[in-house]
1. So Ser55 clears everything in (1) within 13 Å of Tyr94 (Cβ to Cβ); (2) surrounded by 17 or more Cβ atoms within 10 Å (Cβ to Cβ) except one condition, right? Which one?
2. Using the structure shown, decide if Thr89 is among the hydroxyl-bearing types (Ser, Thr, Tyr), crowded, with 17+ Cβ neighbours inside 10 Å and touching an Asp or Glu at 6+ places or on another chain (Cβ under 9 Å).
3. Could you list all residues from region 5-36 that are of a type in the set (Ser, Thr, Tyr) and crowded, with 16+ Cβ neighbours inside 10 Å?
4. Answer with yes or no whether Glu95 is surrounded by fewer than 19 Cβ atoms within 10 Å (Cβ to Cβ) and closer than 15 Å to Glu32 by Cα.
5. Of the conditions (1) surrounded by fewer than 19 Cβ atoms within 10 Å (Cβ to Cβ); (2) under 20 Å from Asn8 (Cβ atoms); (3) modelled with pLDDT under 95; (4) not small (Gly, Ala, Ser), Cys39 clears all except one; give me its number.
6. For region 1-42, name all the residues that are among the polar types (S, T, N, Q), in a helix (DSSP H, G or I) and touching a residue at least 24 places away in the same chain (Cβ under 8 Å).
7. Among what's in region 108-134 and is touching a helix residue (DSSP H, G or I) at 6+ places or on another chain (Cβ under 8 Å) and buried (at least 17 other Cβ atoms within 10 Å of the Cβ), pick the residue that is modelled with the highest pLDDT.
8. Regarding region 135-144, can at least one residue be identified that is of a type outside the set (Asp, Glu), part of a loop (DSSP other than H, G, I, E, B), surrounded by fewer than 12 Cβ atoms within 10 Å (Cβ to Cβ) and modelled with pLDDT under 90?
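The values are calculated or read from the model by the stated rules, or taken from the named source; none is laboratory data. All values reported here derive from a predicted model rather than from experimental measurement. Because the Cβ atoms are built from the backbone with ideal geometry, glycine has one as well, and the counts that use them run over all protein chains shown.
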Amino acid sequence: MTPHSETNVRVRYAETDQMGVVYYGNYFTWFEVGRVELCRQLGFEYKRMETDDDSYIVVAEASCRYKRPARFDDLLTIRTRVIGSQRRTVRFGYEILNGGELIATGETVHVICDSKGRPKSLPEKYKKYFAVSDGAHSATHHEHSSH
């Protein structure tokens with residue numbers, strides 16, 4: 001099984017809309033929190049990948065499926081893992097849980113680019129971090145595999 005990270009966020013009042021539920025766009029911010037934490041738990045800092053290796057993980061595609069709302073002061077768990085990687089792309093999968101209940105799932109696809117925005121191959125030293133074990137693809141990956 002491909003390693004995953006778990007990190008917690010508490011919903012701030014400013015993250016909710018007039019109906020008292022979390023504004024949908026905030027889930028994408030939480031996906032980023034999960035990605036950065038996953039990199040740290042895998043053994044490297046994403047910031048160092050940018051500064052030391054001129055390699056940026058640029059979002060090319062993002063999706064989220066909302067199952068239940070989150071509200072102010074809920075303590076959420078962000079579960080993040082790599083669900084696919086190729087020479088120039090990495091795909092991450094996410095689950096957002098509230099008290100153990102799955103409330104949202106999502107995916108992001110990233111292109112590896114240099115500081116000028118030109119696509120490049122993932123540097124060799126990072127390939128091991130983004131390797132995916134067989135059978136580790138999420139259900140959302142199969143739903144979008146026709147891309």
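1. It is condition (1) that Ser55 fails.
2. On the way: among the hydroxyl-bearing types (Ser, Thr, Tyr): yes; crowded, with 17+ Cβ neighbours inside 10 Å: yes; touching an Asp or Glu at 6+ places or on another chain (Cβ under 9 Å): no.
No; evaluated as a whole, the condition is false for this residue.
3. Ser5, Thr7, Thr16, Tyr27
4. Spelling it out, it is not the case that Glu95 is surrounded by fewer than 19 Cβ atoms within 10 Å (Cβ to Cβ) and closer than 15 Å to Glu32 by Cα.
5. (1)
6. Taking region 1-42 and keeping what is among the polar types (S, T, N, Q), we get 2, 5, 7-8, 16, 18, 26, 29, 41.
Now narrow it down to the ones that are in a helix (DSSP H, G or I): 26, 29, 41.
Listed by number, the list holds a single entry, Gln41.
7. Going through the qualifying residues, I end up with Thr108.
8. From region 135-144, those of a type outside the set (Asp, Glu) are 135-142, 144; that's our starting set.
When the remaining residues are screened for being part of a loop (DSSP other than H, G, I, E, B), the result is 135-138, 144.
Subsequent filtering for residues that are surrounded by fewer than 12 Cβ atoms within 10 Å (Cβ to Cβ) retains 135.
Among the residues that remain, those that are also modelled with pLDDT under 90 are: 135.
Yes; the residues of region 135-144 include at least one that is of a type outside the set (Asp, Glu), part of a loop (DSSP other than H, G, I, E, B), surrounded by fewer than 12 Cβ atoms within 10 Å (Cβ to Cβ) and modelled with pLDDT under 90.
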